[in-house]
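To keep things clear, I will list the structure first and then write my remarks on it.
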Amino acid sequence: MAPGRRGHCQNCTDETRAGKRQDAIGPRPRAARGRPGLTPFHPVVLTLTPQTPSSAAVAEMRSLSMRWGGRAVLDQVDLTLNPGERLVVVGPSGAGKSTILRLLAGLLLPSSGRLLIHGEPQTYLRLDQLHPPDVRLVFQNPALLASLTVRENVGFLLYRYSRLDEAEIRRRVQVALQAVGLGGIEERMPGELSGGMQKRVSFARALIDDPADHGERVPLLLFDEPTAGLDPVACTRIEDLIVRTTRIAHASTLVVSHVLSTIERCAERVALLYDGRFRWQGSVEEFRRSDNPYVQQFRTGSLRGPMQPAEL
């Protein structure tokens, strides 16, 4: 995916453009072709492009299937994500959750069915789209560029494509870092940060918006296993940060997770995926009390039920 355009996965962009990344940094940003754009948490006012609420779905999957050879990774699934909504997709390993993220991020195209973002059918990979939607993917691995400072990592897209001057880019990066509780680390290198801090830097990068793009469409934030490998306290911080980031960016959020605390703290709605199909969808309150056998087994972690790991 090419960086600096709406809909391009920022972390994925960094990796694929790593060979050219040093050219991206400099006091004279290039002209834009697409979108320019450990301290306790304190209230921070982050100035972003205003978004006008819309009643249209941000993302939709309609009878969508994804096949690898003869195997159906996703089989005729239907899913809707509404403006401002926080949806957590859960399920055991191998259920197809990461494929959902890759499809929404434009890294894959469905084998059949329809994928729409802001009502527009997605028939090309994001890399091949002239005017891609604003989709921001935060990987499980923060995927920071080791040779760039935190400031250069967070402001990567602005340095490369925006018309903003150096002072304004620095200001926006500083405010984004303050929003995730990391003010004052702009000139540190990723290798000097803990794993949790690196993950929070990737969240700050997801907050960077294009001030010259006055579109009214809600951004779509995608989080892939954001609390994997973290201790319970760090999980709580990241889970609260997901909610905070969604609010600050005026976004809709889809989180893929196995972690019950992530569901409890982040979700407004839950969708349970198993064997390529959604077996249950509902509000987080309904998830807590549902007698659906898939939901009950997931909540309790029991080996008795309809979901059976392949190795067993």
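Here are the numbers for the structure shown:
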| item | result |
| --- | --- |
| Residue identified as of a type in the set (A, V, I, L, M), under 17 Å from PRO142 (Cβ atoms) and assigned to a loop (DSSP other than H, G, I, E, B) among ALA234, ALA228 | ALA228 |
| Test result for VAL255, of a type outside the set (Gly, Ala, Ser) and surrounded by fewer than 18 Cβ atoms within 10 Å (Cβ to Cβ) | no |
| Residue within region 267-280 that is on the phi > 0 side of the Ramachandran plot, more than 16 Å from the chain's Cα centre (by Cα) and either of a type in the set (D, E, K, R) or at pLDDT 90 or above (or both) present | yes |
| Pick from region 155-205, criterion polar (S, T, N, Q) and in a helix (DSSP H, G or I), ranking: farthest from ALA234 (Cα to Cα) | GLN174 |
| Residue list for region 108-134, filter: touching a Lys or Arg at 6+ places or on another chain (Cβ under 7 Å) and closer than 22 Å to PHE203 by Cα | PRO132, PRO133, ASP134 |
| Residue that is nearest to GLU186 (Cα to Cα), among those in region 109-160 that are of a type in the set (Asp, Glu) and either buried (at least 20 other Cβ atoms within 10 Å of the Cβ) or touching a Ser or Thr at 6+ places or on another chain (Cβ under 9 Å) (or both) | GLU152 |
| Check on LEU101, out of contact with any helix residue (DSSP H, G or I) (no Cβ under 6 Å at 6 or more places or on another chain), in a strand (DSSP E or B), within 23 Å of ARG244 (Cα to Cα) and not small (Gly, Ala, Ser) | no |
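Every residue, every condition in (1) more than 21 Å from TYR294 (Cβ to Cβ); (2) in contact with a Lys or Arg (Cβ under 8 Å, 6 or more places away or on another chain); (3) at pLDDT below 50, yes or no:
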| residue | (1), (2), (3) |
| --- | --- |
| GLN22 | yes, no, yes |
| GLY26 | yes, no, yes |
| ALA32 | yes, yes, yes |
| PRO40 | yes, no, yes |
| ALA57 | yes, no, no |
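The values are calculated or read from the model by the stated rules, or taken from the named source; none is laboratory data. Nothing here was measured: the structure is a model prediction, and the numbers come from that model. Cβ sites come from the backbone with ideal geometry, for glycine too, and all protein chains shown count toward neighbours.
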